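Student: Encoded as structure tokens, here's the structure I'll be asking about.
The values are calculated or read from the model by the stated rules, or taken from the named source; none is laboratory data. Since the model is a prediction, treat every value here as computed from it, not as a measurement. Every residue, glycine among them, receives a Cβ derived from its backbone with ideal geometry; neighbour counts consider all protein chains shown.
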Amino acid sequence: MWHPTEQTLELFVLGSPSIRRERNRIVSHLEGCQDCRGRVEEITRIYREAESVFTSESLQQMVDPTALVRAAREPVLRDAPDLMPLPERPRTLMQEFRQIVRQNPIVTGFGGLAFMGACAVAAMTLLRTTPGDTNPVICQYNVAENFLEVYSKDDQKLWHKGIWDAERSQNLAVNTGLQATRILDLDRDRRNEVVTVALLKDGDARPRSDVLTIFEANKSVRLSRVLGAPSRYGSRQYDDRFWAIALFPLETPGGSPGLLVSMSHHRSPHLIVRLNAEAERIGEYWHYGHIGSLQPVRIDGEPLELLAAAGIDDAADTAGGSYAMVIILDPRQIVGRTQSHLTPEFGLPPAGAELYYIRLPWTDMEIATGYRGGAHQLTALGEPTLSFDCNTEKLGTGFNYEFDKSMAIRTVRINTGTEAAHKRLREEGKISSELNLEYAENLRRGVLYWDGQSWVPEPTRIRQLPAEASASAQQNP
């Protein structure tokens, strides 16, 4: 089942025009999803409590008649962002609240008074403006005119740039949280840069889709880099024409800023490139199989944020052996050219960045039809649950795999629509199972972890082995 991201639900509560096209879809989803309804209720409650604290005229304007709460204006960013390891900078009121509480944990013990104090601090942050400021802090896609638009912290439009894919970039951000454009201070001079992998218009010719461009605050181009690279997987050769899907800010423990760019070559292979602040290559992570979701995550035992990659392992696709997978990566360990342990035919050293490689089981419906599903968007359901959807689109089936922060599988839930597909296949005589709690429990027991040599049922990190041992990995348990 598709779930809106938390950012999308917050924009839904605010009645943001950026998700107007998705509003009916979200409303329909909320009718059948108790978890997402609960998150909407929580967001609405927080904003309404904030309204009771802030009574200034500037906070009384409704953003949109469809909004569930009032909001001051479009979400804003700080003009001098802190480049934390991977997270989004706070763009909305609730995200500001959460950052304040994380940075000042002592106030959480004082109930409503502490909440009001946090609200006051957030208000001062949000309402602080500098007339005539020309430092970029906000970017948005103008779908009607195909523009990337850049604004200052006081909502003054600074400049715009024509792009080919405004609607696609916006939909990707709304539906998956993947961002093709970021506002960052890469050189720490308190003047932000606009970093993008969107398809920029420069004449009538459609550009390459694997180009990173860094704009100065005044729109001048600091640099432009082609990131794609040719590759070979076993006997298969691939050209350098990748599609750069998303980019992430990255900071090392030593404080050096950098970037990660996620790129797809249709379905396979997938490439994640690590760059320094000058967009020079530091490392590459190659995976054979599409990575459709890449999101920051925190797990037990790790002080910094990691990346959760979800998608398909295609290493055995010629024999119908593709399977859904979830990978936990430490992006700071992407150094040099490396390959996934479980897709070993790039001829590269195994990736030290892979901490967990988790295989989700085939269902009897997939086995009977030959169709294969893939893991999709990560949803944080609250402490300590991380949830991944695994959908087989050609069958219309889906299951939700819920892990705790130690990456142990806890529960598998059956998504809406799966019952009808299962019933149809039973009537056709292709399967004989019952779709019930025992079915879901069998799937839970079928989740496997790669330990560096074999698949095991216990939550296990990958033990780093010599390249020769990794290259002999068997794709089937």
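Student: What pairs come up if the first residue lies in the stretch 443-463 and is in the same structural domain as T343 (by TED's automatic domain parsing), the second is polar (S, T, N, Q) and not in a loop (DSSP other than H, G, I, E, B), and their beta carbons are under 7 Å apart, counting only those six or more places apart or on different chains?
Tutor: R444/T411
Student: Check whether at least one residue in the stretch 350-362 is of a type outside the set (S, T, Y), in contact with a strand residue (DSSP E or B) (Cβ under 7 Å, 6 or more places away or on another chain) and over 19 Å from I462 (Cα atoms), and report yes or no.
Tutor: yes
Student: Further question: Report yes if I312 is assigned to a strand (DSSP E or B), touching a Ser or Thr at 6+ places or on another chain (Cβ under 6 Å) and either buried (at least 20 other Cβ atoms within 10 Å of the Cβ) or aliphatic (A, V, I, L, M) (or both), otherwise no.
Tutor: Yes; evaluated as a whole, the condition is true for this residue.
Student: Would you pick out the residues in the stretch 154-175 that are of a type in the set (S, T, N, Q) and surrounded by fewer than 21 Cβ atoms within 10 Å (Cβ to Cβ)?
Tutor: Scanning the stretch 154-175 gives Q156, Q170, N171, N175.
Student: Determine the pairs where a residue that is of a type in the set (G, A, S), located within the stretch 354-373, has a partner that is assigned to a strand (DSSP E or B) with Cβ atoms under 7 Å apart, the partner being 6 or more residues away or on another chain.
Tutor: G373/A324; G373/C390; G373/N391; G373/T392
Student: I'd like to check which strands (runs of 3 or more DSSP E) are fully inside the stretch 231-280 and have at least 2 residues that are in contact (Cβ under 8 Å) with a residue 40 or more places away in the chain. Break it down into steps so the answer makes sense when it comes.
Tutor: Values: elements: 231-233, 236-238, 243-251, 257-264, 270-276.
Once the strands (runs of 3 or more DSSP E) in the stretch 231-280 are filtered for at least 2 residues that are in contact (Cβ under 8 Å) with a residue 40 or more places away in the chain, what remains is 231-233, 243-251, 257-264, 270-276.
Student: For the stretch 196-207, state whether one or more residues are of a type outside the set (S, T, Y) and touching a Cys at 6+ places or on another chain (Cβ under 9 Å).
Tutor: No: zero hits.
Student: What's the number of the condition E427 fails, among (1) more than 15 Å from I358 (Cα to Cα); (2) within 22 Å of the chain's Cα centre (by Cα)?
Tutor: Just one mismatch for E427, condition (2).
Student: Being surrounded by fewer than 21 Cβ atoms within 10 Å (Cβ to Cβ), among the hydroxyl-bearing types (S, T, Y) and modelled with pLDDT of 50 or more is the filter here; which residues of the stretch 126-153 pass it?
Tutor: T134, Y151
Student: Please count how many residues of the stretch 281-304 are in a loop (DSSP other than H, G, I, E, B) and among the basic types (K, R).
Tutor: As a first pass, look at the stretch 281-304 and keep what is in a loop (DSSP other than H, G, I, E, B): 288-290, 298-304.
Adding the requirement that they be among the basic types (K, R) leaves 298.
So the count comes out to 1.
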